[in-house]
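**Q** First the structure, which I've put down as structure tokens, then a few questions once you've had a look.
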Amino acid sequence: MSRFKFAGTTVLGLRRNGKTALGCDGQVTFGDTVMKHNARKVQKLYNNTILAGFAGAAADAFALFERFEAKLETYNGNLRRAAVELTKDWRMDKYLRRLEALLAVMDKEFSLIISGNGDVIEPDDGIIALGSGGAYALAAAKAYLECSQLDAKTIVERSLSIASSIDVYTNDRIIIEEL
């Protein structure tokens, strides 16, 4: 999907029963050293109607969040259009092309993964998972969705907790935003 390999975070998002939840762990690593335990890698954008999270370099991701929020303003909160326009800029702009991050963005209808390769991916099942623990969190979330009546926020929390018990680059200090 991307030319970047991100070891150092897990982001998971899904929708269930009218609720949208996006969460992450709080660990920041530099090489094999843990530098921070409570990083906030998810946030609400555009009048608290869009959730966004990232995997990759934090400074790069925050630069992309700013650009993405500007696109949301330009396109009146249209998530898909803003994502496509950000991706166009990301591929064409000399400065942006150097940014190493992936974005996970969601609203009450759509879940998208945005990369600097020009990818705007909408997963078939609406579940977004990024980072080194993403596959573990995704597997856990799919099992919870199939075999439980838990709400979106609880599934994200429990799935990230499972990922943190497996992936050394993911901790159990989980932050979740919800719509």
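**Q** Could you check the stretch 32-65 and list, in sequence order, the residues that are charged (D, E, K, R) and either under 23 Å from residue 14 (Cα atoms) or outside any strand (DSSP E or B) (or both)?
**A** Matches in the stretch 32-65: 32, 40, 41, 44, 60.
**Q** Starting from residues that are of a type in the set (Val, Ile, Thr) and under 11 Å from the mean Cα position of the chain (by Cα), keep the ones in the stretch 103-121 and report whichever is nearest to residue 46 (Cα to Cα).
**A** Checked the stretch 103-121; the qualifying residue nearest to residue 46 (Cα to Cα) is 105.
**Q** Also, I was wondering about something else. I'd like to check something: does the stretch 138-153 contain any residue that is aliphatic (A, V, I, L, M) and within 13 Å of the chain's Cα centre (by Cα)?
**A** Within the stretch 138-153, one or more residues are aliphatic (A, V, I, L, M) and within 13 Å of the chain's Cα centre (by Cα).
**Q** Is it fair to say residue 73 is assigned to a helix (DSSP H, G or I), at pLDDT 95 or above, over 22 Å from residue 137 (Cα atoms) and of a type outside the set (S, T, N, Q)?
**A** yes
**Q** Return a yes/no flag: does the stretch 112-133 have any residue that is buried (at least 18 other Cβ atoms within 10 Å of the Cβ), of a type outside the set (Gly, Ala, Ser), in contact (Cβ under 8 Å) with a residue 12 or more places away in the chain and part of a helix (DSSP H, G or I).
**A** Within the stretch 112-133, none of the residues are buried (at least 18 other Cβ atoms within 10 Å of the Cβ), of a type outside the set (Gly, Ala, Ser), in contact (Cβ under 8 Å) with a residue 12 or more places away in the chain and part of a helix (DSSP H, G or I).
**Q** If I ask for residues that are surrounded by 18 or more Cβ atoms within 10 Å (Cβ to Cβ), out of contact with any Gly (no Cβ under 7 Å at 6 or more places or on another chain) and either in contact (Cβ under 8 Å) with a residue 60 or more places away in the chain or among the aromatic types (Phe, Trp, Tyr) (or both), which ones from the stretch 149-163 would you list?
**A** Passing the criteria: 152, 153, 155, 159.
The values are calculated or read from the model by the stated rules, or taken from the named source; none is laboratory data. Worth saying up front: this structure is predicted, and the values here are computed from it rather than measured. Note that we place each Cβ from the backbone using ideal geometry, even for glycine, and neighbour counts take in every protein chain shown.
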